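Below is one structure, written out as structure tokens; comments come after it.
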Amino acid sequence: MKSIYLIGFMGSGKTTVANGLSQAFTKEVLDTDEIIVQKYHQSIPEIFQQKGESTFREYESSVLFQTPTEDTIIATGGGIIEKGSNRKWLKENGISVFLKTSWEEINQRLINDTDRPIWNNQSRNKRILLEERIPKYEEVADIIVHTDGKSIGDIVKEIQDKLLEMNKSI
Ligand code: S3P
């Protein structure tokens, strides 16, 4: 079966849900940010600081295009949908699950976060960024799950049910 790509804004729970799905389906789990860190031997904040966002986006696309498109659960970075080429690739190669989380909940979860360069960039309006990105997540998504107030177990179950409905269970 095609791989499942978790997409959504920072703090929407992609990594945690990917781990839950990986257990539920006994499939391998990957995380594009983790692969970038391993491959380029730098943390995400270091890459942003020393090489800039555009280099990070190049790394991110190159990592995305090399992910296994079968039998794997893949958590992606929140900005993966920024590039049209990434959106096209996702639409053609994977089943994308958009974790749709409200601004209020994201803000609450990331209040003390210091590891996300875009979140920590005071000159960027993250609320507007979320609004700008929503149509791009929706363009790619095969499944949309509203996550507010739901447990990881609820979200995993909802995704399993929706995959079954689509007859795309892995
Ligand atoms: C980013 C999200 C991060 C990471 C990088 C950029 C973004 O991943 O890829 O800091 O542009 O939204 P998470 O969504 O896992 O925080």
Note to self: I'd like the distance between the alpha-carbon centres of region 119-164 and region 93-114, rounded to an integer number of Å.
What the structure shows: 6
Checklist line | Where the Cα pairs of the chain fall when distances are cut into 10 Å bins, in % | finding: 10, 41, 38, 11, 0
Notebook entry, point to check: Want the number for Asn112 to Lys51: 0.36 nm per residue separation, take away the alpha-carbon distance, what's left?
Noted result: 19.5 nm
Check: For labels at Ser151 and Asp71 in the simple 7 Å Cα→Cβ model, what's the distance in nm?
Finding: 3.1
Next item on the list: Please give the helix 152-165 orientation as an angle from the longest Cα principal axis of the chain, in degrees from 0 to 90, rounded to the nearest 10.
Entry: 50
Next item on the list: List, in the order given, every pair from Lys39/Lys83; Lys2/Lys51; Lys2/Lys88; Lys27/Lys162; Lys39/Lys136 whose Cα-Cα distance in the structure shown is over 24 Å.
Entry: Lys2/Lys51; Lys39/Lys136
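Read-outs: derived from the displayed coordinates by stated rules, not from any lab. Note that this is a predicted model, so its numbers are computed, not measured. A quick note on method: Cβ atoms are made from the backbone with ideal geometry, for glycine too, and the neighbour counts reach across all protein chains shown.
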